Amino acid sequence: MRKPVIAGNWKMYKTVGESVDTALALKPLVANSNHCEVIIAPVFIALKTVADRIEGSNIRVAAQDCSTEIEEGAHTGEVAAFMLRDIGVAHVIIGHSERRQFYGETDTMVRRKVHAAISAGMTVIMCVGESLGQRDQGMAEAVVRGQLSGGLSGLTAPDLDRIIVAYEPVWAIGTGRTATPEQAQEMHAFIRRVFAEGHSENAAQALRVLYGGSVKPDNISGLMQQPDIDGALVGGASLKVESFAQIVNYERT
Ligand code: PGA
């Protein structure tokens, strides 16, 4: 059984104080949500305070990025994965489409970040997903396949236990336009097949594949009913405690 993951990506929203307030308000609302792993990803500067303040709860804190470099060094502005691990951050989102689109992140950089995070003992949420133009040209699967093999090559079997993939079609992020559960399911099943080809059937069956892109309280249940959807990476709707708690506590059949 794959345990679902519901992760909130707060992007560049909320000050440290607001992040702590949100995390503390969320805590009681998800305290009994043992059916899934609950993760929130505040901005870098809020990570330690939030992690300290919710210690002992069932909420885990994730970073939204990490450096390509494994070791400390002269890399102005960067934060190494082992430094995140050191402050109690066990998860990191890597290769989000906003980083690929606006900060020039390539598959090679994604792969280096994945390796840095794995060598620091972290769990990676690696994002993949096609743009609308690519989907319209029938290239969605090829794009996702390329991102998967580009980002995840060179990993050993034990490393794969610490990989979560988030399928986030770029056209669905922040647009209010969600992929239908069937569209998402189709791509999730494809991701699992590619993972089986590249690694092993066992690793593919154990892989959690999250859906991301305009996930809301009213569409989460339909998505979660699909056999290959193992959770969600939630942007906008994770910023408000009530809506994120509703998503975490989605109706299960
Ligand atoms: P959204 O963002 O839920 O606001 O569409 C998802 C994401 O970017 O992870």
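Assign unit charges at the C-beta atoms only (+1 for Lys and Arg, -1 for Asp and Glu), then state the dipole size of region 1-122 relative to its Cα centre in Debye, rounded to the nearest 20.
420 debye
From the phi of every residue in region 30-45, what ³J(HN,Hα) in whole Hz does the Karplus formula 6.51 cos²θ - 1.76 cosθ + 1.60 yield, where θ is phi - 60° and glycine or proline is x?
Using θ = phi - 60°, the values come out as 10, 4, 9, 8, 7, 6, 8, 8, 10, 10, 10, 10, x, 5, 3, 5 Hz.
Taking LYS11 as the anchor, which lysines have their alpha carbon closer than 22 Å to its alpha carbon, excluding any fewer than eight residues away along the same chain?
LYS11 reaches LYS27, LYS48, LYS113, LYS216, LYS240.
To the nearest 0.05, what FRET efficiency results for SER57 and GLU18 with a Förster distance of 22 Å applied to their C-beta separation?
Rounded to the nearest 0.05, the efficiency is 0.75.
DSSP H helices in the chain with Cα extent of 15 Å or more along the helix axis and mean Kyte-Doolittle hydropathy at least -1.0?
16-29, 107-119, 140-152, 181-198
Extension gain GLU182-ALA157, at 0.36 nm per residue separation less the Cα-Cα distance, in nm?
6.0 nm
Measure off, as a whole percent, the carbon and sulfur share of the 1.4 Å-probe accessible area of region 179-253, all protein chains present.
48 percent
Could you tell me which residue out of LEU29, VAL110, MET122 lies farthest along the dipole of the chain toward its positive end? Charges go on the beta carbon: Lys and Arg +1, Asp and Glu -1, centred on the Cα centre.
LEU29
Modelling each spin label as a point 7 Å along the Cα-to-Cβ direction, I'd like the ASN32/SER221 distance in nm, to one decimal.
Modelled inter-label distance: 1.8 nm.
Quick one: which residues, 5 or more positions from GLY231 or on another chain, have an amide H under 5 Å from its amide H? H modelled 1.01 Å from N in the peptide plane, none for Pro or chain starts.
Under 5 Å from the amide H of GLY231: VAL5, TYR211.
How long are the semi-axes of the equivalent ellipsoid of the chain, taking √(5λ) for every eigenvalue λ of the Cα gyration tensor, in whole Å from largest down?
Working: eigenvalues 120, 105, 58 Å².
Its equivalent ellipsoid spans semi-axes of 25, 23, 17 Å.
Per the 1.4 Å probe, what fraction of the accessible area of region 40-166, in percent, lies on carbon and sulfur atoms?
50 percent
Taking 0.36 nm per residue of sequence separation and subtracting the Cα-Cα distance, how much length would be gained by fully extending the chain between ARG2 and ALA206, in nm to one decimal?
72.8 nm
Where does region 88-169 land on Rg(C-alpha)/(2.2 N^0.38 Å)?
1.08
Give the Rg/Rh ratio for region 37-98, taking Rg as the radius of gyration of the Cα atoms and Rh as the Kirkwood radius, to two decimals.
That ratio equals 0.97.
Compute the separation of the alpha-carbon centres of region 1-43 and region 134-207 and state it in Å as a whole number.
Using only Cα atoms to place each centre, the spacing works out to 23 Å.
Could you give the accessible area per residue of the chain, probe 1.4 Å, as a whole number in Å²?
That works out to 45 Å² for each residue.
If each of ARG252 and ARG193 carries a label point 7 Å out from its Cα toward its Cβ, how far apart are those two points in nm?
About 3.0 nm separates the two model spin labels.
Which GluC sites (Glu not before Pro) in region 42-130 pass both tests, a DSSP loop state and at most 10 other beta-carbon atoms within 10 Å?
GLU55, GLU71
The values are calculated or read from the model by the stated rules, or taken from the named source; none is laboratory data. From a predicted model like this one, the values you see are computed outputs, not experimental measurements. Glycine gets a Cβ as well: all are built from the backbone with ideal geometry, and neighbour counts include every protein chain shown. When the accessible area is computed, the model is the full protein with side chains, heavy atoms only, and any ligands, DNA or RNA have been set aside. Shrake-Rupley method; radii C 1.70, N 1.55, O 1.52, S 1.80 Å.
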